[in-house]
1. Here is a list: 119, 163. Which entry is under 30 Å from residue 645 (Cβ atoms) and either within 24 Å of the chain's Cα centre (by Cα) or at pLDDT 85 or above (or both)?
2. Checking residue 436 against (1) under 28 Å from residue 293 (Cβ atoms); (2) at pLDDT 95 or above, only one condition comes out false. Which one?
3. Restricting attention to region 252-264, and to residues there that are touching an Asp or Glu at 6+ places or on another chain (Cβ under 7 Å) and at pLDDT 85 or above, which single residue is farthest from residue 469 (Cα to Cα)?
4. Output the residues belonging to region 442-471 that are touching a Cys at 6+ places or on another chain (Cβ under 8 Å) and in a strand (DSSP E or B).
5. Could you pull out the residue among 430, 457, 445 that is within 18 Å of residue 382 (Cβ to Cβ) and in contact with a strand residue (DSSP E or B) (Cβ under 6 Å, 6 or more places away or on another chain)?
6. Looking at residue 520 and the list (1) among the aliphatic types (A, V, I, L, M); (2) closer than 26 Å to residue 584 by Cα; (3) surrounded by 17 or more Cβ atoms within 10 Å (Cβ to Cβ), which single condition is not satisfied?
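The values are calculated or read from the model by the stated rules, or taken from the named source; none is laboratory data. A quick note: this is a predicted structure, and the numbers were derived from the prediction, not measured. Every residue, glycine among them, receives a Cβ derived from its backbone with ideal geometry; neighbour counts consider all protein chains shown.
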Amino acid sequence: MKFNKPFKQSGVATIAILLFVGVAISVAVFGAFRAVEGSQSQAMTFHAQTQAQRKAWIGVDITSKYLSSLSSDNLETLIEALPSKSDSELSQQKLNAEVGDENIQLYIYKEEVGGDVFVYAEITGEAAKNSKAHATSTIEAVFEMQQSSTTETTSCSVNRTAVMRGVTNLTGGGTNFISGDALSDIAVEGSLTLGSSSKSGISGCASGDVTMSGGGIKDNATLLVGGEFKVDSMSQPNNASVWARDINIGNTGSGDYNFLRAGAYTTTVLDKTGIVIGKGDVGGKLITSTTKSSLPWISGTLIPTKNIPFVIEMDTGGQLLVDLSEAIIDEVSGFVTGHKYEVLEGEGSLPSTLQFEANNISGGSINIYDLNVNQLWGHSISADGYGANYNTVLSNGDFNMGAGDIGTLVGGGNLTASKGGCNSSSNCWNTPSFASPSEIAGLFNVPSYSGSVDLNNLTQQVSHLSPGLPGIPFCDTRVEQVVAEDFKTSANYIFEEIGTKRQLTIQNVTLSDGTELDGVYNLLTDDMRSFNGQQFLTCGWGNNHCFRDYSVWELDGISAFPPGVAWFDSSLKINGVGSNNAVSGIGNDLLNTLITVGNVELTSSGHGDIIAPNFDVVTLCQGNITPTNLCNQSGELVGDDNSGLPIANSAIVSEESLDVAGWSINGHVTLGSGITTTGAKVIINGGLVVGSNSDASTTVGQGGLEVNTQNLSEDQLQTSCTNDNGTNESTGIQLKGSGPIWTRYL
């Protein structure tokens, strides 16, 4: 066997084949490397784009927060400075904000459409600068501006012991209003007369005149009066305060007052362009350079008061309550921004900038005699007598004074010593004395002496001197209208006439044995005197049926009436309560909220008290008859905090009036019309509202009326609101919503 030697070129071919295979492998490897590198580059570019978009959205958020944070006047200034959308140099107008990120660019401009203002922001985000993956993303965001206005639901908590809308005459000898620390006594819409009630005392406010011919002002109390405060006779107060349009105390005895204030400027209200938008009586001080009258100053541009709200009558017919407590007032121009307002009547709104031009005086007359007053402030002041003591006197006009002591006087007119006399300029008597340096714009004079007289610590004819006026207080008597139908679903017992059928609908009521009483019953045929042996509804001073012998809803001689909320579709008369066997341990009291479409009459026949259900929790929730919408299964009031259903804090809610003779009522009383008390004293341990549906009279007889909220808990002060009474507040222009109304990528 022979083995032939291989040809030499066979080795070369093998090497060539291996070489080609190696090259192919290298190409594949290098291709793979390039593919991986390209994929990584794509990933890096995609990531950079995502980061750029993220930066742009961060810029949108920054812009939203920036615009939201600006005050009204700063935002208005910014908007006025921005170019319009049609401007060709938008890129030169950058948002005036410190972004703190060099990868975010912000450009801002505006567009006005039909009175509405829209702010446009172009926000560009960048990522991976100075690299091949550099990316940008631009978002256009549009923000809408609006006049700042919010709607707030009126609080359902009692904030006045008594609100009386209409002519109010308090003549009962024991009339009294007693408030807790957070409440003031009364608010009267209209005039108030306090008559022969020598023991009565008041604090609070009235929109009209207040006439005192008996009683008095409580010690340390404040009485705000939209009209004249007039005293014929009254118990002299201790450290009381009166703020009114005019004050006439006269020679009615001594008294000690913290302050007596009266008067305002009659003003026209302008926007920032000088267009008249309304008028109002406003307190404040005139800008010296704008005064347009001889002494005393009564006209010019006003720096309005921040101390009290005031009403503007709009030229468009609306009535607005304006609050300047947080406003910004330019004391050079008088321009006012940052104000708040509420619509009282009609419709209307205020521009972001206001100005007040005074043209006359409203009220400001003060007539007193020998009082001790810490601050006396008005326009035309007459303080007669010989022994007065006034710590501070601010007289916008002339000041006529008898003999007495003054701490400091700032007078915008003349000072006259009405009791004084002089033999010479250096020998005078019965003239005021000044403890501290004082100034008047006019002259001091003594009527019986024609020469000039100088007084120690008094500088006369001081130029540019006027203390201004305090303003006229606003008495807020706004209450919710009573609509009995709104409470029908909350009632446990609904008494109504359907055609000729007098029926009772029972809702959410069980007996202690678990029996449910819900249903509709015919009061003329069904026996409602008891259920399963438990007395339920009996009258006639015994075990008789109720509501069978009368043409109205009359409870005559109650022997049993179930606890809870009772609703009546017309008037209700309660003529005596002998006992209440439906509620154990309550004697002859009623544990109810009584709601009526018509009047309520509580006669003087023998009776106990009316107690609002929530005011006696144990008896209500652990008795033999339980309203399950008022009480939970644990025997407590409903609610997460066991505060109870608010309507059950009321004892009487009526669309009409209340005629009551000598009852004690524990719970709130809300009346659509008036109230008349007769006989013995009427006591209401709760809040009282009179005239919520229409102005009505309040007449208190000789027995008197006591309304007391002093001992009520925070939960018991809650009442049931059925409507949302909004209050519109304006602080000028602001961002609408919390961000842009729309966005898009550019």
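1. So the residue among 119, 163 that is under 30 Å from residue 645 (Cβ atoms) and either within 24 Å of the chain's Cα centre (by Cα) or at pLDDT 85 or above (or both) is 163.
2. Only one criterion is unmet by residue 436, namely (1).
3. 262
4. Within region 442-471, 446, 449 qualify.
5. Going through 430, 457, 445 in turn, the sole match is 445.
6. Unmet condition: (3).
Every residue, every condition in (1) small (Gly, Ala, Ser); (2) assigned to a strand (DSSP E or B), yes or no:
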{"site": "476", "(1), (2)": "no, no"}
{"site": "482", "(1), (2)": "no, no"}
{"site": "521", "(1), (2)": "no, yes"}
{"site": "542", "(1), (2)": "yes, no"}
{"site": "548", "(1), (2)": "no, no"}
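Yes or no, residue by residue, for (1) in contact (Cβ under 8 Å) with a residue 60 or more places away in the chain; (2) surrounded by fewer than 22 Cβ atoms within 10 Å (Cβ to Cβ):
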residue	(1), (2)
554	no, yes
559	no, no
562	yes, no
569	yes, yes
576	no, yes
579	no, yes
588	no, yes
599	yes, yes
